[in-house]
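Single-structure report; data block below.
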Amino acid sequence: MKKIIASASLAALGAAGLQAAYAPGLSPLEKSKLWSVSGLVRGFYDDNPTDSVRSQKQDSWGLEVSPSLAVNVALDQTLIGFNYVYDLRFYDARPRNDADHTHQFKLNLNHTISERYKLEVSDSLDYVEEPDLSTGIAARTLRTDQPYLHNFGRLAFRAELTPLLGLEASYQNDYWDFAEHGSGSLSALLDRDEHLGVLKARWQALPNTVGLLSYKFGIVDHTSKDSTAANDPVLSPITDPTRRDTTTHTVTVGADQSFTSQLTGHVEVGAQFTDYPNRLAVDPESTVSPYVDAYTTWTYNPGCYLRLGIMHKRNATDVAFQPVSATPTLDQESTGIYGAVNHRITPKVTGSLIGQFQHSTFKGGLDDGRVELLGTLGVNCSYQVNTFISADAGYNYDRLDSEIGRSFTRNRIYFGLRATY
């Protein structure tokens, strides 16, 4: 699944981030130059920069500065891309920590070994405070007071065995390391190493239809040595983070469909079998849940597109113990629905709308069966002043409705200039 929803929560992205996510290869500017640099300066207003509950909101004006560098090397059979973005957001009136510093590195290598064999290698390293909604499902839905490190790497090999049958084998690794340590900290709850291996068969059933059959094997290893219970600083068999480790087996069937040259769709449905190898004796040994990954893209005019998608799966959670809990929450089952519209109003004016909704149900512990609902919405309008400079403005809205007492709303507006060379 292409990661198109970078998050309505990240005002720095706006329409530019959305467009970059959809770009099929290199842009004309990237093709004409080996490298490009850009700079962003924005003013913004944030009515809840700490994601506090509604009764404790404190608003702030601020300034955002974000330089970036992109390098793209296009060879006969190989495409190499590197991108670095630094983002500084200064808050005039935030109660704690008046500045956020974000670093994002991305590296991609696509190599065509032959007409039948292709290799893809990618890695991204993020140092951020805001939640990561890029996969459509978030384990943490709140901003963190201290930054965290997230590294995502992927290696994929594609082979065309016959004109009708293809095979893809891939491995991906998600590594999370939170700066907040101590009992009940984000490090105790979410420091983890996730592994996912995928085998996928592709069958050209019809000229415009490709059948899919896949098997996924996943491992989640929690790596912290801190207690998961805030009121129990002693690491015990009950509060050991590894109690929440999981192994998963996922089997799916699906299809890639080209309805027209402008409208395409993808769907995978199946079952996810989850085991808890280090569970407590009172906790369930395993569980079975549905798995869904589906999306469609409609490119209705040059520079204009609509994309809708849905994902359902089990995932890690930042919830473990309530003060009187005897056993931990193990994970959560989530459904994420997302959408994006990009419309070129005139040759120089582009509008975009992105949104995401997530429904999560906790499994295990005192919060078993309780629900959280997360919604994000972002609206952006950009004006291309000339080849190198654009101006934009936008609005973002986030809302969390939680049955465990951490509901919040957040409104942001922003306006600024971007220069690219």
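A short reminder: the numbers here are calculations on the coordinates, not readings from a lab. Given the structure is predicted, the values throughout are model-derived calculations rather than measurements. Methodologically, a virtual Cβ is constructed for each residue, glycine included, from the backbone with ideal geometry; neighbour enumeration extends over all protein chains shown.
According to the square roots a ≥ b ≥ c of the eigenvalues of the Cα gyration tensor, what is the shape class of segment 276-417, taking rounded for a/c under 1.5, prolate for a/b larger than b/c otherwise, and oblate for the remainder? Prolate shape, in that a/c is at least 1.5 and a/b is the bigger ratio.
Cross-link reach is defined here as a Cα-Cα straight distance under 17 Å, omitting same-chain residues fewer than 8 places apart; for residue 348 the aspartates and glutamates meeting it are 392.
Taking 0.36 nm per residue of separation and subtracting the Cα-Cα distance, full extension of the segment from residue 59 to residue 242 would add 62.0 nm. Placing pseudo-labels 7 Å out from each Cα toward the beta carbon at residue 256 and residue 120 gives an inter-label distance of 0.8 nm.
With both labels modelled 7 Å from their Cα along Cα-to-Cβ, the residue 167 to residue 107 distance reads 2.9 nm.
The HN-Hα couplings worked out from phi for segment 96-111 by the Karplus form 6.51 cos²θ - 1.76 cosθ + 1.60 (θ = phi - 60°) are 10, 6, 7, 9, 10, 10, 10, 10, 9, 10, 9, 9, 9, 9, 10, 10 Hz, whole numbers, x standing for Gly and Pro.
Gaussian network model of the chain, Cα springs within a sub-10 Å range: biggest mean-square fluctuation belongs to which of 114, 390, 66? Among 114, 390, 66, the largest GNM mean-square fluctuation belongs to 114. With the cut-off at 1.5 for a/c, could you classify segment 14-420 from its C-alpha gyration tensor as rounded, prolate or oblate? It comes out oblate by the Cα gyration axes.
One decimal place: the segment residue 45-residue 217 gains 57.6 nm when fully extended, by the rule 0.36 nm per residue minus the C-alpha distance. Residues in segment 198-205 carry Karplus couplings, in order, of 10, 10, 9, 9, 10, 10, 6, 5 Hz; the curve used is 6.51 cos²θ - 1.76 cosθ + 1.60 with θ = phi - 60°, and Gly or Pro positions show x.
Which links in 225/363; 57/363; 57/313; 118/216 stretch past 28 Å when you go from one Cα to the other?
Violating the 28 Å limit, Cα to Cα: 57/363; 57/313.
Remark: segment 207-216, residue by residue, has Karplus-estimated 3J(HN,Hα) of x, 10, 10, 10, x, 10, 9, 9, 10, 10 Hz, where x stands for each Gly or Pro and the curve is 6.51 cos²θ - 1.76 cosθ + 1.60 at θ = phi - 60°.
What is segment 14-420's relative contact order, in percent, from Cα pairs under 8 angstrom and six or more apart in sequence? Write down the numbers at each step before the final one.
Working: 1131 pairs, mean separation 47.5, N = 407.
Contact order relative to length: 12 percent.
Taking other C-beta atoms within 10 Å as the exposure proxy, 57, 313 rank 57, 313 from fewest upward.
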